[in-house]
Number of protein chains: 2
Amino acid sequence: MSTLNVNKEQLKKIQEMQRKAVEKMSKIKYKIAVLSGKGGVGKSFVTASLASALASKGRRVAVLDADIHGPSIPKLLGVHGYTMMAGPEGILPVTAAYGVKVVSMDFLLPSEETPLIWRGPLKTNALRELLAEVAWGDLDYLLIDLPPGTGDEPLSIAQIIPKVDGAIVVTIPSDLSRIVVKKAVMFAKKLAIPVLGIIENMSGFTCPESGKVYYILGKGAGRRIAEEMKVDFLGEIPMDPRITEANDRGVPFFVEYPESEAAKAFLKIADKIIRKIEGESSD
Amino acid sequence: MSTLNVNKEQLKKIQEMQRKAVEKMSKIKYKIAVLSGKGGVGKSFVTASLASALASKGRRVAVLDADIHGPSIPKLLGVHGYTMMAGPEGILPVTAAYGVKVVSMDFLLPSEETPLIWRGPLKTNALRELLAEVAWGDLDYLLIDLPPGTGDEPLSIAQIIPKVDGAIVVTIPSDLSRIVVKKAVMFAKKLAIPVLGIIENMSGFTCPESGKVYYILGKGAGRRIAEEMKVDFLGEIPMDPRITEANDRGVPFFVEYPESEAAKAFLKIADKIIRKIEGESSD
């Protein structure tokens, strides 16, 4: 599906862009892909919040919104409607809270009503060009928000991103997600990307009135699946109505509600990732 | 993407299958496609529950699980692990509670660990063959659970199903879903299928302890989007931990918890659909 009818000239251009992308991204210390076996698990929310959490710990962080069908990272980080500017070094990412740099197709689309009508190969090419032209600068972490699923599209997109250091799989606590999480882990293996671990989103909801915890979408499947698959379990993010409220309002939840249990969970996960990637002596 | 290198022989076979599919499905009075702009909104759960609700009202109902990437209808209707048998008339659907007939690729897969590695065109062909060979019998309603999203795959699949009478769009209550719901409505229009309305899944959660309602994933976006798009709002399904519990256990929620608010909501929606499709004088 990712085959294109290309002539020599076009092929040369693609190779040149790929070379530039590799060069530009070589200044980024750690590149982490965030994926999910299916949509609707809050993968983009987890990516955005984790970026904020890592940045709040003094890391230089960027997010690449590679979910080209529904680029939602700008809204989740409070920079929807912004534009990427061109500088002498290339296209400049938009800067969000904590200095998180954001690159997204969303910044290139005329209005949110415009659907991306490009077919697969065109989209991967547009992303490749974006990667080649962005002036990332020196960074510690780049989080890559891949399209959901394990089909041809996320595969094509993952393949054009040079040297990814690790993958994080996001799931919900239902046992029904077992098969799709397994597919996501297999997907990372196919790309030869080590799996850093699984994050369970939409875990228990604590009723503010009664203090009781309700496991509306299931309980503990993330941890169970991680054990079965012999990968690390990174943590669980509780449900909180303020998450939807902040996301709908277009403000970054992690920045808006730092005292929430969900924000604290992201800080713990950020610590785990830092220890795993930078080594025990870090921080 | 759905183009195939076919020779004349193959083309003839495809046309023959399409003809048979049209003939077999002509005995079904009303064909309704259930779609969603994105995954993870509970489209398959809504399809399965709505099928049970329509059947509990005396309608002869079947479900076609056309979500070939993750066929989950059999588990949601309590018939996972069953096999379709061949009869003199063709392949016989599996029968679930209330006599709901189920046809799914899931019945043809050797084990749940086996990922479908077929590429797009192969999958649509397999589904076309299935449609041609199934002995549906006389039916009032066929609900078709399409793959999530509005990309090439759901489009190719929707196109091989003859004469769909209406489409139902499933969403969650977050305003972030506005764009994807609009895309789903446009998708139905592109296929010249009238939109019957929008169903909002994962609406308010009522704490059993305090009786308070929490709108964890947002409030009322389904109704607002329906008004904006000038399509009917069919109803909202409240969140309930028993939904996940039943789904994970592989028993049909609607049958297991008929007294739940969610089951009652499905009955109301079934009534609305019957009135819309069969006319005011029905039931």
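A:LYS38 meets the conditions (1) open to solvent by less than 30 Å² (accessible area, probe 1.4 Å); (2) in contact (Cβ under 8 Å) with a residue 40 or more places away in the chain; (3) of a type outside the set (S, T, N, Q) in every case but one. The failed one is (1). Within the range A:143-183, the set of residues being hydrophobic (A, V, I, L, M, F, W, C) and within 10 Å of chain B (Cβ to nearest Cβ) comprises A:ILE172, A:LEU176, A:ILE179, A:VAL180. Out of all the residues in the range B:29-64, which are farther than 25 Å from B:LYS182 by Cβ and within 14 Å of another protein chain (Cβ to nearest Cβ)? Correct list: B:ALA48 only. Within the range B:202-215, the set of residues being open to solvent by 10 Å² or more (accessible area, probe 1.4 Å) and within 22 Å of the chain's Cα centre (by Cα) comprises B:MET202 only. Scanning the range B:196-211 for residues that are touching an Asp or Glu at 6+ places or on another chain (Cβ under 6 Å), at pLDDT 95 or above and within 14 Å of chain A (Cβ to nearest Cβ) turns up B:GLU200, B:SER203. Selection of the range A:55-74 for residues being touching a Leu at 6+ places or on another chain (Cβ under 7 Å) and either modelled with pLDDT of 95 or more or under 21 Å from A:LYS27 (Cα atoms) (or both) yields A:ARG60, A:VAL61, A:ALA62, A:VAL63, A:LEU64, A:ALA66. If the condition is being surrounded by fewer than 20 Cβ atoms within 10 Å (Cβ to Cβ) and more than 23 Å from B:LYS75 (Cβ to Cβ), then the range A:163-196 contributes A:LYS163, A:ASP165, A:GLY166, A:LYS189, A:LYS190, A:LEU191, A:ALA192, A:PRO194. Annotation note: of B:ALA226, B:ALA246, the sole residue that is closer than 28 Å to B:PRO194 by Cβ, among the small types (Gly, Ala, Ser) and part of a helix (DSSP H, G or I) is B:ALA226. Only one entry of A:SER52, A:SER44 meets the criterion of being in contact with a Pro (Cβ under 7 Å, 6 or more places away or on another chain), at pLDDT 95 or above and part of a helix (DSSP H, G or I), and that entry is A:SER52. Contact annotation: no residue pair with Cβ atoms under 9 Å, 6 or more positions apart or on different chains, pairs a residue in the range A:184-195 that is within 12 Å of chain B (Cβ to nearest Cβ) and farther than 12 Å from A:VAL231 by Cβ with a partner that is at pLDDT 90 or above and part of a helix (DSSP H, G or I). Of all residues in the range B:55-78, those satisfying the criterion of being part of a loop (DSSP other than H, G, I, E, B), within 17 Å of B:ASN247 (Cα to Cα) and more than 10 Å from the chain's Cα centre (by Cα) are B:GLY70, B:PRO71, B:SER72, B:LEU77, B:GLY78. Of all the residues in the range B:204-223, those that are of a type outside the set (S, T, N, Q), assigned to a loop (DSSP other than H, G, I, E, B) and under 16 Å from B:PRO241 (Cα atoms) number 9. Could you go through the range A:19-29 and let me know if any residue there is of a type outside the set (D, E, K, R), under 16 Å from the mean Cα position of the chain (by Cα), at positive phi and surrounded by fewer than 24 Cβ atoms within 10 Å (Cβ to Cβ). Within the range A:19-29, not a single residue is of a type outside the set (D, E, K, R), under 16 Å from the mean Cα position of the chain (by Cα), at positive phi and surrounded by fewer than 24 Cβ atoms within 10 Å (Cβ to Cβ). Scanning the range A:216-237 for residues that are surrounded by 19 or more Cβ atoms within 10 Å (Cβ to Cβ) and either under 20 Å from the mean Cα position of the chain (by Cα) or within 9 Å of chain B (Cβ to nearest Cβ) (or both) yields a total of 12.
Out of B:ILE73, B:ILE68, one residue alone is in contact with a Ser or Thr (Cβ under 7 Å, 6 or more places away or on another chain) and open to solvent by less than 10 Å² (accessible area, probe 1.4 Å). It is B:ILE73.
The values are calculated or read from the model by the stated rules, or taken from the named source; none is laboratory data. Predicted model, so just to flag it, every value in this text is computed and none were measured. Heads up, the Cβs are rebuilt from the backbone with ideal geometry, glycines too, and the neighbour counts pull from every protein chain shown. Calculation scope for accessible area: heavy atoms of the full protein, side chains included, ligands and nucleic acids excluded. Shrake-Rupley method; radii C 1.70, N 1.55, O 1.52, S 1.80 Å.
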